[in-house]
Structures are given as structure tokens and as C-alpha cells.
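The values are calculated or read from the model by the stated rules, or taken from the named source; none is laboratory data. As the structure is a prediction and not an experimental result, all values here were calculated from the model. Because the Cβ atoms are built from the backbone with ideal geometry, glycine has one as well, and the counts that use them run over all protein chains shown. Note: areas computed on protein heavy atoms with side chains; ligands, DNA, RNA excluded. Shrake-Rupley method; radii C 1.70, N 1.55, O 1.52, S 1.80 Å.
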Amino acid sequence: MAPLFAVGVFAVGSPSRGEDEIVNPSAADCTFQADQIRSAPEMWHRLSQRAEAVAPSSARRRVTNPPKGDPFVAKNFIDTEIFGKMTRDGILWTSRSSDTEFLRRVTIDLTGEIPDAATVRAFVADPSADKRDRAIDRLLASDAFNDRWTLWFGDLVENVQNATNTTIGTTPRNAYYKFIRDSFVQNKPYDQMVRELIAGTGDVTIKGEANYYNRDRQNNGPAQDTYDNLAASTGSRFLGMPMQCLSCHNGLGHLEQVNTGLSKKLRYDFWQNAAFFAQVQFDRVANATGGQNQAINDNTTGVYRLNTTSGNKTPRQPVNGETTINPVFFLTKESPAAGETRRVAYGRILTAHPQFARATVNYLWKELFGLGIVEPADSFDLLRQDPATLLPGATVQPTHPALLTQLASAFSANHFDIRATLKLIVSSNAYQLSSRYTAGTWNESWVPYYARHYPRRLMAEEMVDAIAKATNSTLSFPVAAMAPVTKAVQLPDPTEGGGFRTFMNNFGRGNRDDQPRSADSSIVQALSLMNDRIVTDRIKASAPTSTVAMTLQATKDPGSIAEALYLATLGRYPNFDERAAAIAYLRSGDLTRKTEDLQFALINKLEFLFN
């Protein structure tokens, strides 16, 4: 293949744990959580290192902070906060992203797909001032949006058929997937979606929401371990709080270096929260084939008892003579209303708390920017959120406290509309900054200011789909107990993938259990892109519908070929030097082979791997 163009994959900051990895430690591992929080500067270093590798800064065109009237003038309150803080602190931000950089970024972020060549051509040629906003609206309304954000939420709730401590099976897994995807198709309010999950009942093969409880239950040990799992997972996923440590011990003496707010909480407080899940029973219901399926329902007799000495937790023993625990919400001390089932009450109380909105918008922000306003995103310290009420010696946790508050308020005011929040973020000029820093010499201490956009490596599923789209290939993935799907982002969990499974695993898709999704790069990924037939077969002119074959059928002009391959693969036109080099290379030998080589080289560029 062509060394002239081959800018391959290298390990761009490849520590043992990726910066996107969120680890919920065991109760005995609070020290690790403290180490993770202290590593925020290391996270910034990795983001900076990656940005410089993928989009090297350029000091050739020094600029000052843009004056009033510049395209960076605040489009919404996000810009007011982001650019206002940089202005106050004397930080220079980079230039605005080009049309092609923006279009590729927002298309991948919102739909998990790369834009096709025709869309890129039309977008670049469109002189309209509102074309970016119209592109955002089109992407938010697409069916591909539902696929990409179903994948995101499936990761969050760890929907997988087989896990270390429980197996829900393929049909319940598929029902869970369908519930999630249908919720995005319907644009269901996010708080409603979460309430339905928390309180889900019914046949787990039909009622997908019932599998939230099903997935987190503990198949060994006492029932209280399951109640604890649900309390901890809802805390992490929906409140952004690491409550797992409290399932075994009080915060005092363990969490002072991790979370000052939680350090003041007792194990008793955690038990009260877990007691919301203590009135669930497993039933059997008849299915269409004459057999029986499992169903999850509520009862009125279950209690959280302090009587265990086995399982995954330290012993649960009576407190001040109390042998059972009543449900009380961890943050507000609210209890179920009269006649209200416990899980319904918990979902109502949790989603009404301001921390629910804060945690959600922070997760969404991190998904789009690569860095949360609060990091780690599942480790909010509620005593460090407001600069006006900080304890002596404490530091504020959010990089932009007012921005986080305004995002959460907007999310609530918009009835917890995920699309509306994503639109607000991607419409901002802060999101639309270039990844390449052009304002001078880059300083990695500016990372938390968002002075540039930080490229993220495509997820494993996005990578496979991008290769297929760039090469004009069709895909088909068999799925257990479900019809085949045509895109990797449509797979219901990481155990599926057919012949693409190993390739995607090499790109760190994890298993939604004990192997988190990772954004790290590695030499294995480089070797996969250079040698795997998933790539090499699809760039062949002998594949009748391939991009190479179709391009060569349309033209033999080297300049037109180069333009077509750059648009299809990288979503942009080649620059002057790239075009000249491509033309010279295409003229240097067999045109068919050289055209194949050119697309191979483009797929192996860092630019293809990163968004």
C-alpha cells in the first residue's frame, strides 16, 4: 500500500485505563476512587496530547480574542459562560471549525455516522447563514439519531444478556433494547424514561423496562445485595454520585479524600435508599408456547432486614435496636406517599431532584466534548458545587458552575428533552470551535477552558460503520433472537457482532459488565486497520459497488478521483498539497491499484479514526 499517504494509528496516550472509563469501585477500593479523582490533570494531559496528535496546533496565524461581531459572539448562554471565562482569564481560543470539520463532527456525534460525499458537497456549496442550524435539525430528526443514542443509553444502563453476576438472556435483552430505542423514537421525556425503568414491572421478555431491575439483581448472596446494587447503580447513572462505598461502611474515615459530601453519610442512609427496592417479587407467567417466562412485580410485604453475614457486603446488623429499614431518599429524606409503591416513589423523588438534571446534562456534555464540566462524571460532590457555599479549604468541583446550573435548568424547563439539550449544546459556538489550535502556542492547562475542541476516537461500532459507508459497502449483523441489523450501532449489546466482533473488541467496545468501553488507541487497532479484510476487501475495485469501483467507473481523472475519495472517506476536499500529492501518485502506476491504495491510506489516517 501507499506509504506516501499512510498516516496510521499510533497509541495516542494509551495508559492502562482510558479517560472515558468510569469505574465503580468495591467498598474496599475507595482509595482507587480517590486516585482517579486526583488524576484530573492527567486526563487533561491526555486530551491535550490527543488533540495535538490528531489536529496539531498552528501558530502561523496569531489572533487576539475576537471582537464584538466576530462569529464567536455568544449564540446562547453556553457561549456566554465558556467565552466569558476565557476572556476574564486571558485565554485565547482557537478559530471556528470549517464547514467540513463541523459537519463531520456533528454528524458523528448526533448519529454515529460519517456524512456522505453528496451531503458534504451540498453543505459546503450552501451560502445560507443558517445552514449549520438546519443541519443540526435534520440530524436530530433522523432515524440514525435513535440508533446512536440508544447505544449511549445502553452503555449507561449496561444492557447485556450475560454478565458476571446475572444473566437476563437474549429475549429480555432485546426487549430492553426495544424499550430504549422506542423511547428515543418517541422523544420520550428523559425523566419519564428513567421513572419507567426504575419502577418497571411485567414479563421481562415483553416489558423491556422490567429488565432494569432484572439486570442489576444479584444471583448469589442475600436479597439485600440486589437492593444495594440498585441503589448504587441508580446513584451513579442518574445522579452522578459514587454511592457504592457506602454499601459496606460509613463515609467518615473512608471518603474524605474522595467525596466530602458522601463522607458525611452513613451506611444507614444508604440502606434507607436501598429499601426502595425491597418490595419486588419474581413471578412466572405463561408464554405463547406453553412455557413460562419470568415477570417482575411489586408486593407490599418485602422489607430490608439487617440480618446478613454472607454475600458481597460486610455484615448487616441492627442499628439502635432496629432490625428493618424503611425507604427514605438519600438526598432529601423523602418517603413514599400513602398508597404509593416504593419503586414508583423512588423514581418520582429521584427525577424531581435537581441533581438528576445536573448529572444528566453533565453526561451529555462529556459525550460531546470529551470532558465533563464535573469529572469524573459519576463522582459529583454535592458540597463542592456552589462557589458561594464552599466549606473552608474546599475547591469548587465544576469547571463552570453557572453553566452547569443553567444547562440543568434548561433541561428541566424543556421537559427533560434530550434532543433539545443536545441541540442547545451543538448549536453553540463553543462546540463549533476547531480541533486545531490557531491562536498561538497551545498550553495544555487551557484544556478545562474548552479553548479548542478535543477530538474523540470513534467508538468501535462507529468505526465499522464508517468503514462501510466510506467504501460504499453494505453490512449485515446476525443478532440472537432478533432480525439482523445493517449497522453496528444498532447491535443490542457488545456480545453480538458476528464476524466483526473481534475487530470491534480491538477498538475497546467493552462488555457492559467488567470491561468498560475505552477510547484508548493501540497498536492492535493499527494492525487491524492495515490488515483486516473488513478494510482490505472493501477498498477493492473488484467489489462492484465499492467507492473505488464507482469512482473509477465515473472518471479516470486523477484530480476528480482524489476529490471523490477524500469526500467519501474524510468528509472534506483535499487541500492544495494533498491534491497535488494524490494526483502525482495516481499518475505513477496502475490507476486501479493506486486508487485502492489511496483510499486505504485515507482510512488509516488519524483523521479518519477521530471526530
Row for the range 68-162, column shape: gyration tensor on C-alpha, a ≥ b ≥ c, rounded if a/c < 1.5 i.e. under 1.5, prolate if a/b over b/c, else oblate; value oblate
I'd like the accessible area for GLU367: 1.4 Å probe, protein heavy atoms, all chains in place, Å² to the nearest 10. 50
LEU139 accessible area, 1.4 Å probe, all protein chains in place, Å² to nearest 10: 10
Report the net charge of residues surrounding ILE325, where surrounding means a beta-carbon distance below 12 angstrom and charges are Lys +1, Arg +1, Asp -1, Glu -1. +1
Mean-position separation - Cα centroids, the range 76-109 and the range 211-279, in angstrom: 38
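Just subtract the alpha-carbon distance of ILE206 and SER473 from 0.36 nm times their residue separation and send over the number in nm, one decimal.
Values: separation 267, 0.36 × 267 = 96.12 nm, distance 3.39 nm.
Using 0.36 nm per residue and subtracting the Cα-Cα distance, I get 92.7 nm.
How much length is gained on full extension from ALA141 to ALA286, taking 0.36 nm per residue of separation minus their Cα-Cα distance?
Gain on stretching ALA141 to ALA286: 48.3 nm.
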Cα gyration tensor of the range 175-246, axes a ≥ b ≥ c as square roots of the eigenvalues: rounded (a/c below 1.5), prolate (a/b > b/c) or oblate? oblate
Roughly speaking, what is the centre-to-centre gap between the range 129-201 and the range 347-426 when only Cα atoms are used, to the nearest Å? 20
Accessible area, probe 1.4 Å, largest first, for residues HIS453, HIS254: HIS254, HIS453
Per the helix-only calculation at 222 nm, which mean residue ellipticity applies to the chain, given -39500 (n - 2.57) for every DSSP H run of n ≥ 4 and division by its residues, nearest 500 deg cm²/dmol? -13000 deg cm²/dmol
Give me the angle, in degrees from 0 to 90, between the Cα long axis of helix 591-603 and the longest principal axis of the Cα atoms of the chain, rounded to the nearest 10. 30
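Can you work out the FRET efficiency for the pair ALA338 and ASP89, with r the C-beta to C-beta distance and R0 = 41 Å, to the nearest 0.05?
Approximately 0.20, to the nearest 0.05.
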If one compares the long axis through the Cα atoms of helix 40-54 with the longest principal axis of the Cα atoms of the chain, the angle in degrees, nearest 10, works out at 20
Quick check: from the Cα gyration tensor, does the range 506-591 come out rounded (a/c under 1.5), prolate or oblate? prolate
From largest accessible area down, sort HIS249, HIS45; use a 1.4 Å probe on the protein chains. HIS45, HIS249
Principal axis box of the range 187-322, alpha-carbon based, largest edge first, Å: 55, 39, 23
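Going through the cross-link list LYS178/LYS540; LYS423/LYS594; LYS131/LYS469; LYS487/LYS605; LYS366/LYS594; LYS75/LYS264, which pairs have a Cα-Cα distance over 31 Å in this structure?
Values: LYS178/LYS540 36 Å; LYS423/LYS594 42 Å; LYS131/LYS469 23 Å; LYS487/LYS605 22 Å; LYS366/LYS594 40 Å; LYS75/LYS264 41 Å.
Pairs exceeding the cut-off: LYS178/LYS540; LYS423/LYS594; LYS366/LYS594; LYS75/LYS264.
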How far apart, in nm, are the 7 Å Cα→Cβ label points at THR502 and VAL319? 5.2
Can you give me the distance in nm between label points at VAL185 and ARG121, each placed 7 Å from the Cα along the Cα-to-Cβ direction? 3.3
Scoring the chain by relative contact order with C-alpha pairs under 8 Å, at least six apart, yields a percentage of 23
Angle in degrees between helix 460-470 and the longest Cα principal axis of the chain, rounded to the nearest 10: 30
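Please compute the net charge surrounding ASN250, taking Lys and Arg as +1 and Asp and Glu as -1 over other residues with Cβ under 12 Å from its Cβ.
Value of the local net charge: +1.
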Quick one: length gained pulling VAL303 to SER542 fully straight, 0.36 nm per residue minus the C-alpha distance? 79.4 nm
